[in-house]
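Trainee: Provided herewith is a single structure, encoded as C-alpha cells, for subsequent inquiry.
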Amino acid sequence: MAQPRQSSMGSIFGSLVLIAVIIGGGAAAFAYTAGWFTPQRLTPDKMVDALTPPTGVPLGHRRNHAKGICFTGMFEANGAGSALSYAQVFTRGQYPALGRFNLATADPNAPDATVRVRGMGLEISTPDGQEWRSAMIDPPFFPVSTPQAFYELLLASASKDPNAMKTFAAAYPEIAAFGAWAKSAPWTGSYAEERFNSLNSFILTDNSGAEHAVRWSLLPTAQPVSVSPDDLAKRGPDFLEQEITERVRGGPQRWTLAVTIANPGDPTADPSKAWPEDRRTIEVGTLTVQQIQAERDGPCRDVNFDPTVLPSGIRTSDDPFPAARSSAYAKSYDRRTAESSHYPRTATNAKP
Amino acid sequence: MIERHQRFNPLQRLLHWLMAACILAMLFIGVGMVSTIMPKYLTLVSIHKPLGIAILVLALVRLAIRLRYGAPALPVDLPEPMKLAAQLSHYAFYVLMIFMPLIGWGMLSAAAYPIVLFGGVHLPPILPQSDSLHTLLWNAHFYLAFVFFALILLHVAAALFHALVRRDGVFDAMAPVSSHDGAAPAQ
C-alpha cells in the first residue's frame, strides 16, 4: 500500500494552481470550440433565425420552403447513369420515390402566386438500403455564391433600412443575374411544368474509381404554359396544390432526370454560375409522380430533404452549400419537431 | 513499490487511455459541428457517428473487463465523501459511455435519417420516426454532452489532485506506466 507522502504547503499551492490552469484551459477550449467566444461565427441557429418571415416564426413548419404538398411515385433508371456512378440508383430498374412540391417561402400560408421560386424535395430508396435525398428549385442558378452571402441576403431582405438591398447588391453583384431572372422568367400554372435543378454540384464515382463533377435537373415532360402572375393570383391562394392534385389524379406526371457533367475549370463551387449550355448531359431515368397527398398527414411531412443524404457513389463536391444546407435543415428539423404540437395534423397519432 | 494488484491491469489501462482520447475528441467534434455551417460540418458529422459507435463497443468491452477484474481498492485513509464521489463518478462514466452513443443512434432513428458509418455501411434504425422521441433524445444528447465534459474535468482534477497533492497511488493505478517503481519521488 502506498503511503500518502507529505508535501510542503508551497508545493501544494503550486499543484493546485497547476490543476486549476489545466481545468480552466480545458473548459475554455471546449467553450471556444462551441463558438462561445466567437459570436460572429455563422451558426445554423443564426441562419435559421434569419429565415423568420415577417409573419412570425412558423411553429411546427419547415423554416424555409414552408409551404408544400407530398407526392409518392417511382424513379425508373435507364442504366445510362452507371457510366458515371456505381450507386445502385443508376442501375436499370424501378425504385420507390417520395417527395414534396414546395414554395421557397418561410411563410406556410403564403398565396401561391406570390412566391417566385418553386422547389421539389425528393427521396429515392434503393434495395441496398441506401437513400438519395435532394432538394431542387426552378431557377437556373442560385441567387448568391456563398452561404455567407445567402445569410447577408436574408438579413438585407428583412432589413428596415431602405438601402439594405442596394448595399447588399454592391457587395454581392452576382445577385443581379438572379434579379433579372426573377423579373423576366415566365411563370407557369403547375408544378408539373417546372424544371427543378440541383444547382449545387456533386461528385459521382464510377466503377473504375473515376470521378465526375455533375449537376442534375428534372426536366418536365409536360409542356410549360406561360401564365402572367396577375392571372395566377386570380386562381386562389392554393392553386398550385389543387392543380397538381387534380392533374395527378388524371394521370401520372413525369420528369426526365438529366445529369450534366462539368468540363475541367467549370465553377463547381459556385451555384450562382450556370455552366455553359453545351456541357455533356446524360438522361439517366424518369421520375413518375403517381399520387399526391396533403402534407399534414403525408409521407413527406417527417422527411428532412437534406441534400447530403447520398448513396455511396455520390458525394459532395467543393460547393460549400450542401454542408450549410445540411446543418441548417437539421436545425429546422430539430425546431419543427420540438414544436409539433403546433403543426395542424388532421389525424392525431397518425405516426408512432 | 506499488503491488501489481494495486493497479488496473494493462488492458484496462489501454482501454482507459484510448477511450479518453476518443471521448474527448467526440465531445469537441460534437460541440464544434453543431455550431458551424462550413464544409467541415460534414467532415465532423462523418467522424462523429462511427466514433460514437466505436466508443459504445469499447465501453461494453470495458464494462465486461471491469466486472471480471474489478478495480484496485482506494486508499484506506481517503475520506468517505471522496470515496463515494469516486465510485459514483465511475458509475456515471459507464452510464454516459454506453448511453450517449445509444441516445445519438436513437435520435437519428427517430428523425428517419440514415445512420451511415462509412461508405455504404449503415446501421438499422432502433426507433420509429417520432417527433416527440426525437426532441427528447436530442435534448438528452445535447445536455448530457455538457454533463459528460464537466464530469471529465472533475475526473482530471481529481486525478491530478491524487497525483500531485495526495500522492497516494490512485493516479498510478491508471497511469500508462508506473512512475513510482522502485523509489519514492524526490521531495
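Trainee: Explain nothing, just compute: Karplus ³J(HN,Hα) = 6.51 cos²θ - 1.76 cosθ + 1.60, θ = phi - 60°, for every residue of segment A:244-252 in order, whole Hz, x for Gly and Pro.
Mentor: Once rounded to whole Hz, the list reads 5, 4, 5, 5, 6, 4, x, x, x.
Trainee: Leaving out same-chain residues fewer than 8 places away, which aspartates and glutamates sit with a Cα under 19 Å from that of B:K83?
Mentor: B:K83 reaches B:D168, B:D172.
Trainee: With springs only between Cα atoms under 10 Å apart, run a GNM on chain A and tell me which of A:H65, A:H212, A:H342 wobbles the most.
Mentor: Among A:H65, A:H212, A:H342, the largest mean-square fluctuation in the Gaussian network model of chain A belongs to A:H342.
Trainee: Could you work out the pair-distance distribution P(r) of segment A:61-205 from its alpha-carbon pairs, with 5 angstrom bin width and percents rounded to whole numbers?
Mentor: Over segment A:61-205, the share of Cα pairs per 5 Å bin runs 2, 8, 14, 18, 18, 14, 11, 8, 4, 2, 1 percent.
Trainee: Using each residue's phi in segment A:194-209, evaluate 6.51 cos²θ - 1.76 cosθ + 1.60 at θ = phi - 60° and report the 3J(HN,Hα) Karplus result to the nearest Hz, with x for Gly and Pro.
Mentor: Running phi through 6.51 cos²θ - 1.76 cosθ + 1.60 with θ = phi - 60° gives 9, 9, 10, 10, 5, 6, 6, 9, 9, 10, 9, 10, 8, 4, 7, x Hz.
Trainee: Among the trypsin sites (Lys or Arg not before Pro) in segment A:279-343, which ones are in a DSSP loop with at most 14 other Cβ atoms within 10 Å of the Cβ? Mind listing them?
Mentor: A:R279, A:R280
Trainee: Oh, and also: Dividing the Cα convex hull volume of segment B:4-174 by residue count, how many Å³ per residue is that?
Mentor: It comes to 133 Å³ per residue, whole-number rounded.
Trainee: Per the Kirkwood treatment, what hydrodynamic radius in Å, one decimal, follows for the protein assembly as shown from the mean inverse distance over all distinct Cα pairs? Write down the numbers at each step before the final one.
Mentor: On the way: mean 1/r = 0.0380 Å⁻¹.
Kirkwood radius, the protein assembly as shown: 26.3 Å.
Trainee: Could you list, by residue number, the cysteines of the protein assembly as shown that have no other cysteine's beta carbon within less than 4.7 Å of their beta carbon?
Mentor: So, B:C22.
Trainee: Same structure, new question: Just the projected area, averaged over all directions, of the convex hull on the alpha carbon atoms of segment A:1-72: how many nm²?
Mentor: Across all orientations, segment A:1-72 yields a mean hull projection of 12.4 nm².
Trainee: Still on this model: Please compute, for the alpha-carbon atoms of segment A:209-352, the extent along each of the three principal axes and give them in descending order in Å.
Mentor: Extents along the principal axes: 51, 39, 29 Å.
Trainee: With N residues in segment A:67-131, what two-decimal value do you get for its Cα radius of gyration over 2.2 N^0.38 Å?
Mentor: 1.43
Trainee: Suppose we take every Cα in segment A:42-342 and form the convex hull; what volume per residue is that in Å³?
Mentor: 135 Å³
Trainee: Taking each pair of different alpha-carbon atoms in segment B:128-177 once, compute 1/r for the pair, average those values, and report the inverse of that mean as the Kirkwood hydrodynamic radius in Å to one decimal.
Mentor: Over segment B:128-177, the inverse of the mean reciprocal pair distance is 13.3 Å.
Trainee: Could I ask something else about it? Which trypsin sites (Lys or Arg not before Pro) in segment A:178-272 sit in a loop by DSSP (not H, G, I, E or B) and have at most 13 other Cβ atoms within 10 Å of their own Cβ?
Mentor: Values: sites: A:K183, A:R195, A:R215, A:K234, A:R235, A:R247, A:R249, A:R254; in loops: A:R195, A:K234, A:R235.
When the trypsin sites (Lys or Arg not before Pro) of segment A:178-272 are filtered for loop state and at most 13 Cβ neighbours within 10 Å, A:K234 remain.
Trainee: Moving on. Excluding the sites themselves, what is the longest stretch of chain A that contains no chymotrypsin sites (Phe, Trp or Tyr not before Pro) in a DSSP loop with at most 14 other C-beta atoms within 10 Å? Provide the component values of the computation, followed by the final result.
Mentor: Values: sites that count: A:W36, A:F37.
Longest run free of exposed loop sites: A:38-352.
Trainee: A further question follows. For segment B:87-104, in order, what is each residue's ³J(HN,Hα) by Karplus, 6.51 cos²θ - 1.76 cosθ + 1.60 with θ = phi - 60°, in whole Hz (x at glycine and Pro)?
Mentor: Values per residue, Gly and Pro as x: 5, 5, 5, 5, 4, 4, 4, 5, 4, 5, 4, 8, 8, 4, x, 5, 5, x Hz.
Trainee: So, one more: Report the GluC sites (Glu not before Pro) located in segment A:217-294 that are in a DSSP loop and have at most 15 other Cβ atoms inside 10 Å of their Cβ, or state none.
Mentor: Of the GluC sites (Glu not before Pro), the ones in loops of segment A:217-294 whose Cβ has at most 15 other Cβ atoms within 10 Å are A:E277.
Trainee: At 20 °C and 1.002 mPa s, grab the translational diffusion coefficient of segment B:28-124 from Stokes-Einstein with a Kirkwood Rh over Cα pairs, rounded to a whole number in µm² per second. Could the numbers behind the result be given before it?
Mentor: On the way: Rh = 15.9 Å.
For these conditions, the coefficient is 135 µm²/s.
Trainee: In this model, which of A:K46/A:K67; A:K166/A:K234; A:K67/A:K183 are farther than 25 Å apart at the alpha-carbon?
Mentor: Result: A:K166/A:K234 exceed 25 Å.
Trainee: Using Cα springs under 10 Å in a Gaussian network model of chain A, which residue among A:S198, A:S15, A:S125 shows the largest mean-square fluctuation?
Mentor: Largest GNM mean-square fluctuation: A:S15.
Trainee: Which value at 222 nm does chain A reach when only helices count, each DSSP H run of 4 or more adding -39,500 (n - 2.57), with the total divided by all residues and rounded to the nearest 500 deg cm²/dmol?
Mentor: Numbers: 8 runs with 97 residues, N = 352.
Roughly -8500 deg cm²/dmol at 222 nm, from the helical runs in chain A.
Where a number appears in this text, it was derived from the coordinates with a stated rule and is not lab data. Because the structure is predicted, anything quoted here is derived from the model rather than measured. Positions of Cβ are generated from backbone atoms using ideal geometry, with glycine treated the same way; all protein chains shown enter the neighbour counts.
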